[in-house]
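First up is the structure itself, then whatever we jot down about it.
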Amino acid sequence: MPVTPEFFSFLVENRLHDSKAWFEAHREDYNRLVLEPLRGLVREMTPVMLTMDPLLITQPAVGKTISRIFRDTRFSRDKSAFREHLWISFSRGKAERYQPVPELYFDLSPDGYSYGCGWYCPGTQLMETLRRLILEKDKTALAAVRAAARQEHFRMEGEEYKRKKHPDAPAELQPWLNRRELYFSHRGSDPEFLYAPDLGERVAQELLVMKPVYDFFWKAQDTAGAESIHSATALG
């Protein structure tokens with residue numbers, strides 16, 4: 001079942017009610033209008049996603065590849081019970097100690113959509129490792145830089161430092177070196193694209209461009225993890 005305007009109408013109405021009783025009374029609508037289209041997108045995207053990374057979790061289920069509609073309000077000032085946007089995320093699952101891992105994602109909201117790859121809150125150590133690999137001219141890092149420069153569909157995003165971390169580095173590397181977090185995203189609101197019957201396949205094919213970047217993110221992830229283990233062993 002493709003995504004329809006009713007997908008977003010339900011999310012908006014559910015958020016406005018913000019009532020678990022209302023949601024339970026309309027759970028069948030949620031399953032039909034929201035959950036089934038998301039499951040369909042996962043199934044459509046899976047074959048291509050597995051060519052990018054055979055280790056990805058691809059089960060079309062909430063908590064696996066599909067976000068929960070219930071919000072975790074334990075550490076948030078916003079105590080709204082429900083999300084107004086949902087997403088699909090392909091990853092290998094949580095790393096040890098619940099560290100973030102590289103993900104390929106597709107986010108849907110009443111304001112539009114976005115898809116791309118990156119980390120959620122990668123942290124200082126991981127970003128320092130990423131920067132070092134770039135400065136050391138690691139082959140995987142340079143392949144990612146070249147691949148990102150050759151395309152215009154995905155935009156590099158992430159909060160930047162006010163003062164450059166490595167001011168003497170080449171200009172083409174500065175966007176990679178000067179961010180607290182780093183990810184690539186394409187944003188849009190084109191209804192012709194969004195409501196296309198082959199939406200999942202289209203998004204997956206476009207994400208293929210990001211494979212060298214995704215591979216580099218995992219190189220940084222594995223390198224940072226190995227260094228962390230080595231440091232802990234040395235201290236022990």
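The values are calculated or read from the model by the stated rules, or taken from the named source; none is laboratory data. Keep in mind it's a predicted model, so treat the numbers as computed, not measured. All Cβ positions, even for glycine, are placed from backbone atoms using ideal geometry, and neighbour counts span all protein chains on display.
Before moving on, here are some points about what is shown:
- Near pairs, Cβ below 8 angstrom, 6+ apart or cross-chain, from region 27-46 (more than 27 Å from Glu206 (Cα to Cα)) to any residue that is crowded, with 16+ Cβ neighbours inside 10 Å: Asp29/Phe10; Tyr30/Phe10; Tyr30/Asn14; Tyr30/Phe23; Tyr30/Ile69
Quick grid of which residues meet (1) among the β-branched types (Val, Ile, Thr); (2) under 30 Å from Met127 (Cα atoms); (3) part of a loop (DSSP other than H, G, I, E, B):
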site: Pro37; (1), (2), (3): no, no, no
site: Leu50; (1), (2), (3): no, yes, no
site: Pro60; (1), (2), (3): no, no, yes
site: Asp72; (1), (2), (3): no, yes, yes
site: Ile88; (1), (2), (3): yes, yes, no
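- Looking across Leu50, Leu56, Leu104, one residue alone is under 21 Å from Gly188 (Cβ atoms) and of a type in the set (A, V, I, L, M). It is Leu104.
- Residue within region 50-61 that is touching a residue at least 40 places away in the same chain (Cβ under 8 Å), of a type in the set (S, T, N, Q) and either within 21 Å of Met210 (Cβ to Cβ) or in contact with a helix residue (DSSP H, G or I) (Cβ under 6 Å, 6 or more places away or on another chain) (or both) present: yes
- Options Ala147, Ala204, Ala141, Ala169; residue that is assigned to a helix (DSSP H, G or I), touching a Leu at 6+ places or on another chain (Cβ under 8 Å) and surrounded by 15 or more Cβ atoms within 10 Å (Cβ to Cβ): Ala141
- Contact annotation: residue pairs with Cβ atoms under 9 Å, 6 or more positions apart or on different chains, pairing a residue in region 189-211 that is over 12 Å from Gly40 (Cβ atoms) and modelled with pLDDT of 95 or more with a partner that is of a type in the set (Lys, Arg) and surrounded by 13 or more Cβ atoms within 10 Å (Cβ to Cβ), are Phe193/Arg202; Ala196/Arg202.
- The residues in region 97-122 that are exposed (fewer than 14 other Cβ atoms within 10 Å of the Cβ) and without any contact (Cβ under 8 Å) to a residue 40 or more places away in the chain can be counted, and the count is 3.
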